[in-house]
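Below: one structure, written as structure tokens.
Laboratory data are not the source of any read-out in this text; all were calculated from the coordinates shown. Here the structure is a predicted model, which means the values were calculated and not measured. Using ideal geometry, Cβ is built from the backbone for each residue, glycine included, and neighbour counts are taken over all protein chains shown.
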Number of protein chains: 2
Amino acid sequence: MISMTDIEIANSVKMEEIGKIAKKLDIDESDLELYGRYKAKVNLDSNSLKKKGKLVLVTAINPTPAGEGKTTISIGLADALSRRGVKTALALREPSLGPVFGVKGGAAGGGWAQVVPMEDINLHFTGDLHAITAANNLIAALLDNSIMQGNPLNIDPRTITWKRCMDMNDRQLRAIISGLGGKSNGTPREDGFQITAASEIMATCCLASSMADLKERLARLILARTYDGKLVKLSDIKGVGAVAILLKDAIKPNLVQTLEKTPAFVHLGPFANIAHGCNSVIATKTALSLADVVVTEAGFGADLGAEKFIDIKCRLSGLSPDAIVLVASVRALKYHGGVKKEELGEENVEALIKGLKNLEKHIENIKGVWKRPVTVAINHFTLDTQAETAAIKDFCNAKGINVSFADVWAKGGEGGLELADSVISLLKNDSEPVSFTYSDDITLKAKLESVAKKIYGASAVEFAPGVITKLKKAEEEGYGSYPVCIAKTQYSLSDDQKKLGRPEGFTLHIRDVRVSAGAGFLVAYAGDIMTMPGLSKVPAANGMDISDSGTITGLF
Amino acid sequence: MISMTDIEIANSVKMEEIGKIAKKLDIDESDLELYGRYKAKVNLDSNSLKKKGKLVLVTAINPTPAGEGKTTISIGLADALSRRGVKTALALREPSLGPVFGVKGGAAGGGWAQVVPMEDINLHFTGDLHAITAANNLIAALLDNSIMQGNPLNIDPRTITWKRCMDMNDRQLRAIISGLGGKSNGTPREDGFQITAASEIMATCCLASSMADLKERLARLILARTYDGKLVKLSDIKGVGAVAILLKDAIKPNLVQTLEKTPAFVHLGPFANIAHGCNSVIATKTALSLADVVVTEAGFGADLGAEKFIDIKCRLSGLSPDAIVLVASVRALKYHGGVKKEELGEENVEALIKGLKNLEKHIENIKGVWKRPVTVAINHFTLDTQAETAAIKDFCNAKGINVSFADVWAKGGEGGLELADSVISLLKNDSEPVSFTYSDDITLKAKLESVAKKIYGASAVEFAPGVITKLKKAEEEGYGSYPVCIAKTQYSLSDDQKKLGRPEGFTLHIRDVRVSAGAGFLVAYAGDIMTMPGLSKVPAANGMDISDSGTITGLF
């Protein structure tokens, strides 16, 4: 049992100076830009990175609202691999301030499987999110200024799709009217803010492979249309250079460490619904050029996170996961078997077995569609019973699927050794390259149908009025070869969060689509996706404090 | 003649590692938190700082729209003092991104008198402004969330005075309606953004002497009123701890260097109209505990910057300037003598002599009201003639005022030696403590009248309807002992920017007042003060670029 909070555990462990952590990966001190003693940006030439290691993707079944602990498992697995003598590095997303102050729970792992310095990582870190916020908002200011200053590009203010952003849970800014107060204050129009992690700049930086590539992506960002319907891009308002300047450090990966001193690249973090939900391509490639095994994760369940990791990140960057860890929990499986949230603490093997259908579908996708070796990791929670855990193991054994019990939250790397051994055995076999869910050359509509049917298990896809026209227009305007990024609930394989387990015979509803030209994908909305969260009735911020000498409490 | 741009000059000089710069002030490496090789936060216990050095304040006559070059003179003076063997440190404000992308001109000096690394200082630096933005906006989100979640404090949304902020020139956000789109999106209300430098959090951080003091100041921030008229403070919405956590690093001073390797504390930068316009108290006190002479500056002309430096910063912190440098330029004096902007490049001794009235009034204030030793620095601009410079010297000599010619933009510290010698001679005499313009115990109205009459030279003060009532209410609510912070145009001693020279017999109009309880002063608005600038027709951002290998052009 752990009676310490995450921050108490983090503070109880003495960190290594980051230069020593970098040495484990043979990074030269001169390639480090220090941010204090325990954080550094790694300044390698992104064009000259040679892949050396194997890539392990950690994903999960459809989660409960409390999450499945993918980050914690990723960190514990990496520490366990290090304990087994494998030269390992992590590649993880970095947290956003919104959730930190909104709900209790950061994105730096938990218990004895954390990346540190956790306070810094969960707060301003090396300023990447602030830089993205500034870059995003400079674009908005330049766009509105162009309209204000005589509107030489003939921009129609009603067509502006570029939103401002803020790294905060602030629902008051979701829908606003800006530009009020007279002629000198801009042009009145409907407007709104997103949280920074949901911004297209975040996705764009994550997928950029170098400064040159970033500038090309920035140039093609779509901001609005002219009164005669032509696209207005960032290059049209001459903002590419200035925005790239603001992002020059943000695209360099950050190096930190786990509590057990495993090197960890923690770099950028886009949403996993309207974007692709994983850390930067540059961080993953940097890690792969230095370590023998790189453990990375993708947001939400495998239907969202792993699908986008493969069909977007791998497709656009040439990466391929050599093995996949599918995280499941007793809690979530019971939830999929129909148990109410309040009763998840009670043993219920029958419901759990019913819920295994959800796990089964994800295994089929990983092995059948993407052709990846997979191991299931049972993430241990305190109230799980032996009978419940055994039921999961029996199920996997019967199907010939590797399965391991992992208790890294309570035990750190020690609790992940069984999983590490399973991963090591999977990595011994050279795997064939990843298969994508669909090929580049089919229509955007066919791509959406392909994901819906093959991955989600839908029997049909329904498009809202106008969506088919928008898809055709996107193809006409040159975006037909893009992969698709479907935004839907993470709680179900379907677009209805109440359909748990393995829903069948359902129709997926595509309500709207939008080209993210900087990122290089087409976003399709299967549901109301909130891109600016709100604070809860009692925000986590209310319980936080810092002493006069600087000791933080209540952060986690 | 200089044919290089500021950024080219900055890049042509090899910097010292910041650890070596710190050694010049006997700062131990263990007290530095490095941000890359050339920037560090200095982590001294702010409660244990002992004053060791003498403080030199650089201020100016009322400027032309192009500015008088106070920062450049401050840097050149510090370098000249270093050349004379004096252990010198600078204490300067840090720049805001808004002006960087808006107009050509940063806040890191110019020519051969710059602080470096200028790109970093002018961009994200060590993240202080981003932290202030986040802290400010967390308060706004917590406040609106409290109203959203049943409004237990009975807050009247129409009375909210706390604005969100952004470090950007973005006029589109000056006046907005937020909270639109239905019940789940907050409460519709009139709202608006300020630029971060204009936020009360900026002023509050600047005046805080320690984390304990910061928390006390944050607790008393005024956000709104209840429906029955009571003040709603940050402590009421339980936000003090979380906001202080966001600011924990931002209140630590940043150490960088000049091109000539003089240590420079560049830390925080509030507006000089609605706030007090100088760097943090912690940075000034840190510098004074380490160096024998500290050169600092205050924004705009001496009527705004020096007055607030003395009546606000010195009063609240116990600091006192041992000498004042009053920067004047041939250009500005001709401007005060009635020459049009377009003709300032032509010799006009007659107009210049007429304009000396402006200089005269500032000298009278410094010597007569504040009882400070003063030296006038003539900041050389390329087109100035010898006859013009001689006229200023003659004027000062006739009045028995020290005067020096300074050409630090073209020559660095070498061009500031005459000024340095003048300052050294002033500092030889122990000066009496500074005299304030008014005492704490007179009414707020009397304080405003005192500044208007004694410093600006007004013959009367007119208060808009309701202002007197607000002043009385502020006194009833416990803010009567606060100093006052008058926001007015920087171009004139009066509140009318067209009244150049030394206006007399004018009435100052106070349109509104507002208590800044975190900063600890009463803001009085003598004119329309823009707290969110806009971008110009051709923003500086349009001309910026960064090469694939990271070389920045067009930043300055």
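Just a few scattered comments:
- Dipole orientation for the protein assembly as shown: of the candidates A:Ser516, B:Ala540, B:Val295, A:Ser516 has the Cα lying most toward the positive pole (charges on Cβ; Lys, Arg +1; Asp, Glu -1).
- Taking only alpha carbon atoms, the stretch B:444-526 gives an Rg to Rh ratio of 0.98, where Rh is the Kirkwood radius.
- Averaged over the residues of peptide A:22-34, the number of Cβ atoms from other protein chains lying within 10 Å of each residue's Cβ is 1.
- Mean projected area in nm² (Cα convex hull; one quarter of hull surface) for the stretch A:367-450: 7.9 nm²
- Values of log10 I(q)/I(0), in the order q = 0.04, 0.07, 0.10 Å⁻¹, for the protein assembly as shown under a Debye, Cα-only, solvent-free model: -0.22, -0.65, -1.25
- Residue-averaged 222 nm ellipticity for the protein assembly as shown, from DSSP H runs of 4+ at -39500 (n - 2.57), nearest 500: -8500 deg cm²/dmol
- Furthest towards positive pole of dipole, A:His380, A:Leu214, A:Ala464, structure part chain A, Cβ charges: A:Ala464
- Chain A, relative contact order [Cα under 8 Å, separation at least 6], %: 21 percent
- Summarising the label geometry, the points placed 7 Å from Cα in the beta-carbon direction at B:Asp31 and A:Leu383 lie 5.3 nm from one another.
- Among A:Phe265, B:Phe300, sorting on how many other beta-carbon atoms sit within 10 Å of each Cβ, with the fewest leading, yields B:Phe300, A:Phe265.
- Ranking of B:Leu234, B:Leu81 by count of other Cβ atoms within 10 Å, fewest first: B:Leu234, B:Leu81
- Computed over the stretch B:322-415, Kirkwood Rh from alpha-carbon pairs, angstrom: 13.5 Å
- At 7 Å out from Cα toward Cβ: A:Ala387 inter-copy label distances (nm, ascending): 10.6
- The stretch B:128-246: C-alpha pair distances exceeding 25 Å, %: 21 percent
- Dipole size of the protein assembly as shown about its Cα centre, with +1 on Lys/Arg Cβ and -1 on Asp/Glu Cβ: approximately 1060 debye, rounded to the nearest 20.
- Between the stretch A:93-139 and the stretch B:348-372, the Cα center-to-center distance that results, in Å: 52 Å
- Sequence ranges B:33-46, A:468-481, ranked by mean other-Cβ count within 10 angstrom, highest first: B:33-46, A:468-481
- Counted charge near A:Asn379, where neighbours are those whose Cβ lies closer than 13 Å (Asp, Glu -1; Lys, Arg +1): -3
- Teacher prompt: B:Met530 distances to equivalent labels in other copies, 7 Å Cα→Cβ, nm: 3.8
- Position A:Lys23, label points 7 Å along Cα→Cβ, spacing to each other copy in nm (shortest first, one decimal): 2.2
- Rg of the Cα atoms in the stretch A:194-289, relative to 2.2 N^0.38 Å, amounts to 1.24.
- Total charge dipole magnitude, the stretch B:31-122, about the Cα centre, Cβ charges on Lys, Arg, Asp, Glu only, Debye to nearest 20: 440 debye
- With one equal scatterer per alpha carbon and no solvent term, the Debye-computed log10 I(q)/I(0) for the stretch A:49-105 at 0.18, 0.20, 0.23, 0.30 1/Å reads -0.80, -0.91, -1.05, -1.29.
- Within the stretch A:465-492, backbone nitrogen closer than 14 Å to the virtual label 7 Å beyond the Cα of A:Thr507 toward Cβ: A:465
- Projected over every direction and averaged, the convex hull enclosing the alpha-carbon atoms of chain B yields 25.1 nm².
- Lysine pair count for the stretch B:242-354 [Cα-Cα under 23 Å; pairs on different chains or 8 or more apart]: 12
- The largest-to-smallest principal axis extents of the Cα set in the stretch B:84-153 are 64, 31, 14 Å.
- Among the residues of B:125-135, the average count of other protein chain beta-carbon atoms within 10 Å of the residue beta-carbon is 4.
- Per-selection Rg to Rh, the stretch A:291-346 - Cα, Kirkwood hydrodynamic radius: 1.14
- Averaged over the residues of B:142-148, the number of partner chain Cβ atoms lying within 10 Å of the residue Cβ comes to 5.
- Evaluated at q = 0.26 Å⁻¹: base-10 log I(q)/I(0), Debye formula over Cα of the stretch A:461-501: -0.91
- Exposure proxy order (Cβ contacts within 10 Å, fewest to most) of B:Ser3, B:Ser235: B:Ser3, B:Ser235
- Of all DSSP-defined beta bridges confined to the stretch B:444-526, some 40% are antiparallel rather than parallel.
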